[in-house]
Amino acid sequence: MSVNTVIKRTTTNTLHTLKQRGEKISMLTSYDYSMAKIVDEAGIDIILVGDSASNVMAGHETTLPITLDQMIYHAASVVRAAKRSLVVVDLPFGSYQGNSKEALNSAVRVMKESGAHAVKLEGGEEIADSIKRIITAGIPVMGHLGLTPQSIHKFGTYTVRAKHELEAEKLLQDVIVLEEAGCFAIVLEKIPAVLAEEATRRLVIPTIGIGAGPHCDGQVLVAQDMFGINKGFKPRFLRQYADLHEIMTNAVKSYVSDVKGGSFPNESEQY
Ligand code: KIV
């Protein structure tokens, strides 16, 4: 790349244009500098610093334990690596549900302390006031409907959401509420493909699906899942693009064997 090359960063306006042109939007999670650098340089549109960091990075069973301070730490690491992607950060459980002032304070902390470009919140009408207040402060907001992992204890299961008429109707109302509140995009997680298609058709803003079929304006996956690092997790919606678990396991085995056998370091690997 020449020194004069200007790298153009994805913005919320870019996403709007992509939807208008019928071009799909790509989004992947990252929680640290090294992974974010690979993902950014490979050409992703959006990096999501998801609260799935609670599961993937910290080994918790749910996304509930991760704190705002921890999310800001992950987000700041990702922002240092991301030169062209839009970086969106999840507001974690308990940092915005209280009231709109609390939501705004949390969003402001994320933006100030991490340098990220937008925040994501889970929920529909019940958090519309908070979303409006955050947007009024100039902070772009991504919505998240369908399976909302921060409410796992309310539902008790991670199965497909909005399969029944009442829930589907509520979701179609909520996408409009979020669009009218000013969200620039909405994640639709684990809902029937026909419902995601209808929601996408009704909205001007883009939908980003995970387990929501091919008609969303974009797709998101957790990076560790699509890289095949996380061996035990194989939901139907997941396409695994690599088997890093096997590659990394073999690398560690070779290293252990070389160290134990005394072949590492060799002549050229010392001073
Ligand atoms: O936290 C996360 O990784 C997410 C995606 C699954 C959309 O919210």
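The values are calculated or read from the model by the stated rules, or taken from the named source; none is laboratory data. Just so we're clear, the structure is a prediction, and the values are computed from it rather than from any experiment. All Cβ positions, glycine included, derive from the backbone under ideal geometry; neighbour counts span all protein chains shown. Quick note on the areas: whole protein, heavy atoms, side chains included, nothing else; ligands and nucleic acids left out. Shrake-Rupley method; radii C 1.70, N 1.55, O 1.52, S 1.80 Å.
Hey, got a sec? Which trypsin sites (Lys or Arg not before Pro) in region 190-271 land in a DSSP loop and have at most 15 other Cβ atoms within 10 Å?
Numbers: sites: Lys190, Arg201, Arg202, Lys231, Arg236, Arg239, Lys253, Lys260; in loops: Lys190, Lys231, Arg236, Arg239.
The qualifying sites are Lys231, Arg236, Arg239.
What's the carbon and sulfur percent of the chain's accessible surface, probe 1.4 angstrom, rounded to a whole number?
55 percent
What does the extension gain come out to for Ser268 and Arg21, with contour length at 0.36 nm per residue minus their alpha carbon separation?
Numbers: separation 247, 0.36 × 247 = 88.92 nm, distance 5.43 nm.
Full extension of this stretch gives 83.5 nm more.
Add +1 for every Lys or Arg and -1 for every Asp or Glu among the other residues with Cβ under 15 Å from the Cβ of Thr62, and state the total. Don't skip to the answer; put the middle values down first.
On the way: positive: Lys154; negative: Asp51, Glu61, Asp90, Glu122, Glu189.
Result for the local shell: -4.
Can you figure out the FRET efficiency of Ser257 with Lys231, using R₀ = 25 Å and their beta-carbon distance, to the nearest 0.05? Provide the component values of the computation, followed by the final result.
On the way: r = 22 Å, r/R0 = 0.87.
Approximately 0.70, to the nearest 0.05.
Where Lys and Arg each count +1 and Asp and Glu each count -1, what net charge lies around Thr10 among other residues with Cβ under 9 Å from its Cβ?
Numbers: positive: Lys8, Arg9, Arg84; negative: Asp45.
Net local charge, Thr10 excluded: +2.
Over the chain, what lengths in whole Å, largest first, do the semi-axes of the equivalent ellipsoid take, defined as the square roots of 5 times the eigenvalues of the alpha-carbon gyration tensor? Intermediate results must be reported in sequence, preceding the final value.
On the way: eigenvalues 231, 93, 74 Å².
Taking √(5λ) for each Cα gyration eigenvalue gives 34, 22, 19 Å.
Once the cut-off is 18 Å, how many percent of the Cα-Cα pairs in region 1-134 end up in the long-distance tail? Mind dumping the intermediate values first?
Working: 5008 of 8911 pairs.
When every Cα pair of region 1-134 is considered, 56 percent fall beyond 18 Å.
Between Val194 and Glu246, what is 0.36 nm times their sequence separation minus the Cα-Cα distance? Round to one decimal in nm. Show your work: numbers first, answer last.
Numbers: separation 52, 0.36 × 52 = 18.72 nm, distance 3.60 nm.
Working it through step by step, the gained length comes to 15.1 nm.
Just the accessible area per residue of region 62-182, please: how many Å² with a 1.4 Å probe?
Working: 5440 Å² over 121 residues.
Dividing the accessible area of region 62-182 by its residue count gives 45 Å².
Could you give the Stokes-Einstein D for region 1-61 in µm² per second, using the C-alpha Kirkwood radius, 4 °C, 1.567 mPa s? Mind dumping the intermediate values first?
On the way: Rh = 13.5 Å.
Estimated via Stokes-Einstein, D reaches 96 µm²/s.
Cα centroids of region 124-188 and region 1-58: how far apart, whole angstrom?
22 Å
Can you pull the three principal axis extents for the Cα set of region 53-199, in Å, largest first?
Between the extreme Cα coordinates on each principal axis of region 53-199 lie 43, 35, 32 Å.
Taking 22 Å as R0, compute the FRET efficiency from the Cβ-Cβ separation of Glu102 and Thr136 and round it to 0.05. Please report the intermediate quantities before stating the final value.
Numbers: r = 15 Å, r/R0 = 0.68.
Rounded to the nearest 0.05, the efficiency is 0.90.
For the chain, take the longest principal axis of its alpha carbons; what is the angle in degrees between that and the long axis of helix 12-21, to the nearest 10 within 0 to 90?
So the inclination is approximately 80 degrees.
If Lys and Arg each add +1 and Asp and Glu each add -1, what is the summed charge of the other residues whose beta carbon sits under 14 Å from the beta carbon of Asp32?
On the way: positive: Lys37, Arg80; negative: Asp40.
Neighbourhood net charge equals +1.
Multiply the residue separation of Tyr158 and Glu61 by 0.36 nm, subtract the distance between their alpha-carbon atoms, and state the gained length in nm to one decimal. If you can, show how the numbers build up before the last one.
Details: separation 97, 0.36 × 97 = 34.92 nm, distance 1.20 nm.
Additional length available on full extension: 33.7 nm.
Which ³J(HN,Hα) values in Hz, rounded to whole numbers, follow from the phi angles of region 132-140 under the Karplus curve 6.51 cos²θ - 1.76 cosθ + 1.60, where θ = phi - 60° and Gly and Pro get x?
4, 5, 5, 5, 4, 7, x, 9, x
Among the lysines, which fall within straight-line cross-link reach of Lys37, defined as a Cα-Cα distance under 27 Å, with same-chain neighbours fewer than 8 residues apart omitted?
Here the lysines satisfying the reach criterion relative to Lys37 are Lys8, Lys19, Lys24, Lys83, Lys112, Lys120, Lys231, Lys234, Lys253.
In nm, to one decimal, how far is the modelled label at Arg80 from the one at Val6, with both set 7 Å along Cα→Cβ?
Output for this residue pair reads 2.8 nm.
Please give the residues of region 42-71, grouped as numeric ranges, whose backbone N is less than 19 Å from a label point set 7 Å along the Cα-to-Cβ vector of Thr14.
Flagged as within label range: 42-50.
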